[in-house]
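Please read the structure below before turning to the comments.
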Amino acid sequence: MTVLVTGGAGYIGAHTVRALRGANRKVVVLDTLERGNREAVVDAELIVGDIADQELVGRICKDHDVASVVHFAAYKAVGESMAKPEMYWSNNVASTEKLLAVLTEYKVDKFVFSSSAAVYGTPKSVPVTEAMPTMPESVYAETKLAVEKYLSTLAVRVTQPISSVSLRYFNAAGASSDNKIGEDWTTSQNLLPRVMRALLDSEFKFEIYGNDYDTPDGTCIRDYIHVEDLAIAHLKALEYLESGGKTMACNIGTGNGTSVMQLIELAEQIAKRKVPYTVSARRPGDPVSVYADATLANMTLNWHATKSLQQIVASAYSWHNTHPNGYRK
Ligand SMILES: NC(=O)c1ccc[n+]([C@@H]2O[C@H](COP(=O)([O-])OP(=O)(O)OC[C@H]3O[C@@H](n4cnc5c(N)ncnc54)[C@H](O)[C@@H]3O)[C@@H](O)[C@H]2O)c1
């Protein structure tokens, strides 16, 4: 019985493929490679194609005896989603519906979905629990919540229900401990790859978006989770569904808040040099502080974050140092 990993050539998907293979799972990856890398898929078959191609997905289900799906394939840039909403609704929602229709046809009834802490918008208090209201503030976050809602209706469908876990990730960061795969800064806008680029690429202009927030050092606070810890959460979610667990959405974070300045200072200690930066205006819609209460994942998935912020930053530094052009030669 095989796990189909959509978007498995992307940053988190590739780490999850390795975690699944490490647990002796059979895996097949489906990815367009539009935003992923062939080289990131280590130790699994990669099929290049689109989740919306129902004929292809049907063939994969049949040929590989697919029993469950881990669904990463999506676009993820908040700014781009505001500029091109139709593209986000089409790829993140309509294509996911097409995928789920084929899974129904082939009786694949276990589904792990990459959701996001972005569904909470600006939380009224921290740490954020799943009981807090969802208030998406971007098209991207709306698409994640739309899929979560659709999945909750499929869970109670009279015939052929699909059980799912929507994992609401906080900020994935870091690289694999064997230095093989990481987050390519040529395609990522996330903070840690930008800090690394500022350290290693003298041409790069690194901006901090606002240092006048109501936090101890004035910069925004986020919950950074090591991508290998995040990868394991998918394995735990599959095990939960396989043992009859009910459809749910749960936070995947460490519970620790780290400011932009704290992350920069740690990177400076590890690299033993200064990170050059300038400070520009706040970005609209950036919440001041977001970090997780991960009790639900701890209790129901038996999942715990194990890696420190030091390990996150050190692994990223090591990978970027040896892969300055990401996956490009
Ligand atoms: N990176 C984060 O911190 C973060 C946080 C919250 C949620 N997420 C979600 O996790 C998932 C994975 O994120 P990531 O950081 O690995 O992103 P990524 O862009 O590195 O990976 C996404 C992969 O999906 C592929 N893809 C996109 N549309 C496709 C389609 N229609 N058919 C087949 N393949 C397709 C891309 O080519 C890419 O390889 C996304 O759904 C994202 O929204 C990421």
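Please treat every number below as a calculation from the coordinates, not as lab data. Note that the structure is a prediction, hence the values are computed from the model and not measured. With ideal geometry, Cβ positions are generated from the backbone for all residues, glycine too; neighbour counts draw on all protein chains shown.
Brief remarks follow.
- Cα pair distances exceeding 16 angstrom across the stretch 1-70, given as percent: 38 percent
- Packing-based ranking of 313-320, 153-160 yields 313-320, 153-160, ordered from highest to lowest mean Cβ neighbour count within 10 Å.
- Gyration tensor verdict on the stretch 64-109 (Cα atoms; rounded if a/c is under 1.5, prolate if a/b is larger than b/c, oblate otherwise): prolate
- Spread of Cα-to-Cα distances over 10 Å intervals beginning at zero, given as percent, for the stretch 104-251: 10, 30, 34, 19, 7, 1
- Measuring how big the stretch 102-173 is from its alpha-carbon positions, Rg and Dmax come out at 13.8, 43 Å.
- For VAL128, distant residues with modelled amide H under 5 Å away: TYR291, ALA292, ASP293
- Within the chain, percent of DSSP bridges classed antiparallel, to nearest 5: 5 percent
- Note on the chain: dipole from Cβ charges, positive end direction compared against GLY22, GLY255, SER114; the farthest Cα belongs to GLY22.
- Calculated on the alpha-carbon coordinates, the convex hull of the stretch 269-329 measures out at 193 cubic angstrom per residue.
- Net charge dipole, the stretch 1-143: roughly 400 debye, given to the nearest 20, about the Cα centre with Cβ charges of +1 for Lys and Arg and -1 for Asp and Glu.
- Once the convex hull of all Cα atoms in the stretch 169-312 is built, its volume per residue stands at 131 Å³.
- Two-decimal Rg to Rh for the stretch 1-138 - Kirkwood Rh, Cα set: 1.00
- Relative contact order [Cα under 8 Å, 6+ residues apart], the chain, whole percent: 19 percent
- Where only DSSP H runs of four or more residues are counted, the chain gives -11000 deg cm²/dmol as its mean residue ellipticity at 222 nm, each run worth -39500 (n - 2.57).
- Taking max minus min of the alpha-carbon positions on each principal axis, the chain gives extents of 57, 45, 38 Å, largest first.
- Interchain or long-range residues, amide H under 5 Å from LEU30's placed H: VAL5, THR6, GLY7, GLY8, ILE47
- A straight line joining the Cα centroids of the stretch 188-246 and the stretch 253-329 runs 5 Å.
- Between the exposed loop cleavage positions of the chain, defined as GluC sites (Glu not before Pro) in a non-H, G, I, E, B DSSP state with at most 16 neighbouring beta-carbon atoms within 10 angstrom, the longest gap is 35-202.
- Remark: for residue pairs LYS107/LYS246; LYS62/LYS180; LYS76/LYS246; LYS110/LYS246; LYS76/LYS124; LYS76/LYS98, the C-alpha separation exceeds 22 Å in LYS62/LYS180; LYS76/LYS246; LYS76/LYS124.
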